[in-house]
1. Taking neighbour counts of Cβ atoms within 10 Å as a proxy for exposure, in what order, fewest first, do A:His191, A:His269 appear?
2. Kindly express, to the nearest 10 degrees and within the range 0 to 90, the angle between helix A:376-402's C-alpha long axis and the longest C-alpha principal axis of chain A.
3. State log₁₀ I(q)/I(0) for chain A at q = 0.06, 0.07, 0.14 Å⁻¹ as given by the Debye formula over alpha-carbon point scatterers of equal weight, solvent excluded.
4. Among A:140-146, A:175-181, how do they line up by average Cβ neighbours within 10 Å per residue, starting with the highest?
5. Among the lysines, which have Cα under 24 Å from the Cα of A:Lys261 when same-chain residues fewer than 8 positions away are ignored?
6. So which lysines pass the test for A:Lys18, namely a Cα distance under 28 Å, with those fewer than 8 places away in the same chain ruled out?
7. Dividing the Cα radius of gyration by the Kirkwood radius, what Rg/Rh value follows for segment A:105-238?
8. Could you state the angle between the C-alpha long axis of helix A:331-367 and the longest principal axis of the C-alpha atoms of chain A, as a value from 0 to 90 degrees rounded to the nearest 10?
Amino acid sequence: MPFFEAVKLALSSIRAQKLKSFFSLVGVLIGVTFLIAVVSIVQGMNVYMTDKFAGALVGVNTFQLQQQPNFQMGPTSEEQRREWHRRPRITIEDAAYVESHMKTPVIFARAGFDQEPVAWHGRIAQQIQLNTVDAEYFRIKHWDIAEGRAFTPQEVTANAEVAVLGWDLAQKLFDGHDPLGQTVSIGGLPHRVIGVVEEQGSVFGFSLDKFIVTPITSPARRLTNRPHVLDNLQVQATDPTLMRAAVEEVDELMRVRRGLKPGQADNFHIETSESALSTWDKISKILFLALPGLVGISLVVGGIVIMNIMLMAVVERTREIGIRKALGARSGDIMAQFVVESATLSMTGAVLGIGTGLLLAFTVRALTPLPAAVAPWSIGLGVGLGVLVGIIAGVYPARQASRMDPIIALGHE
Amino acid sequence: MNEVVIKLEGITREYLMGTEQVRALRGVDLEIRRNEYVAIMGPSGSGKSTMMNLLGCLDTPSAGRYWLNGHEVSRMQDDDLARIRNREIGFVFQTFNLLPRASALANVELPLVYAGISGRDRRRRAETALQRVGLGERMHHKPNELSGGQRQRVAIARALVNEPSILLADEPTGNLDSTTSEEIMRVFGALHAQGQTVVLVTHEADIAAHAHRVVLLRDGRVDSDRSTPPRAAEAAA
């Protein structure tokens, strides 16, 4: 019997018993739902982490020289943390040394950070990210100015008491008033607002626009670190291909400056978007390792259910098998008919599973800050697994059917 | 005389029923020629059903040889037997044996599917076969939308569609009332008149009376084999 006929026949058998068919393919449906939903969410996270998280929080082509790593979501030992804390801080002198010796073309921005309340006319915004930085910081962060202007290198040199606001802060604090020219108090220190940065959006529901930027020489600098101490030195390669060379050069310069011997570990940290993503990589690897187990169990259960349904179908349709054999169906035709039916049943489950999986993934995306993106390979894999489970589950029942004696089958009531 | 279509030589068939050896056929010799109309009769236990299964290539003999249209089918394996059933035999059963979910047309197409004939050709030939048995108007009905007589006509159309060497009918009127039975027997008579070889297996004498030759089985052997004059009614048809 031609393949197409067999599929048509299978679909009509499935339609004839919709409810039973549905229950028999629930296992496969759940397995594939799992596969699609988890892969879509992990894939979405991947895209998100690479594009937005790393881009927004670390910066494109950018790395930071600092005392210790920023993003360490995984477990770290107490000993490791103590070692980080014993390390010397990065100083203005370190930054000057690196800047003056650096050969790879890069731009630098010294930076110090803190959380501070910002107040204007009796209104107070708590827990605002204070960035005390060089003028190049705006370029490194790719921050465009929505209103007013950024501060200049001259203003940094002149210890200007100026500030640039993040979008959310400007909205919250000024609530419709023009912030330009107003004086805000940062932890009690007055600064004049000269600009507002364009809206940056959010990462995992956390706003990227609740910040205030002042020159690293402004009075607010005192709030961030002791004199001469920096939180980090931001370095941006002027070209992506120079990124690795720049990282290596900074590492080498710092080792020389700190007098580290070959074989001795770095007592500073270079944070790249790669190192920020490494933790996420670990998490996504664990998810991908756990996934085959979850999917596998559902598919095995689904396969067993389908096998049982097919065995029942073979018994119920004994007479039909007898008729077909009497009319000239060979054992192979009967075998193919039931294997195709089983595979079609299972694949229907897989296709429905893809639908519910995508629905689930996009529901998660709509209702939570977790992103989701469809991985085309997961859809292919879902359909493929569905067909495979159906074929494996169908072989034994189909064999039973194909081996029936037509005389006995025809006499069956 | 026409050529021989069926030739049985010393056919025996034994099988185990529980622990008991049953000898259903004990050496049957028989020849049936093209365009004969033969009834195989006998009381229950005479080996009639076994004979029907062997003639229809659903079963193979324990000993002896069977040639169908020149092929020795008594030594064939399952797949070859399936092909012979498909090409050479048209079955008509007492219980019709139609697929309940398929239309009359689809039922008639079924042997053509296994013969590997393409969709459009299949449909044309199935339509012709249904018209031959007078069901041209009800091709898209399902079996449960048809009367018993109509169902048996669909079965006859299905048996004919592959132009088999023999039409093999097992108690074809067993589930029909007497008026419908006569109607079905007229269809067989007409097909025979058009040149079809017909073999009826029955225990009813008035059905067997439609045939031109009656082979009587008793205890697994041919008890009598005689030609009968065609009935007036059929001569007219």
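1. On the way: A:His191 23, A:His269 17.
Lowest count first: A:His269, A:His191.
2. Taking the Cα atoms of chain A, the angle to A:376-402 is about 20 degrees.
3. -0.44, -0.54, -1.17
4. Values: A:140-146: 16.3, A:175-181: 12.1.
In descending order of packing, they fall as A:140-146, A:175-181.
5. Here the lysines satisfying the reach criterion relative to A:Lys261 are A:Lys103.
6. A:Lys18 reaches A:Lys8, A:Lys325, B:Lys142.
7. Details: Rg = 13.8 Å, Rh = 14.7 Å.
Radius of gyration relative to Kirkwood radius: 0.94.
8. Once rounded, one gets 30 degrees.
Rule-based calculations on the coordinates, nothing more; no lab input. Source: prediction; values computed, not measured. Positions of Cβ are backbone-derived with ideal geometry, glycine not excepted, and every protein chain shown enters the neighbour counts.
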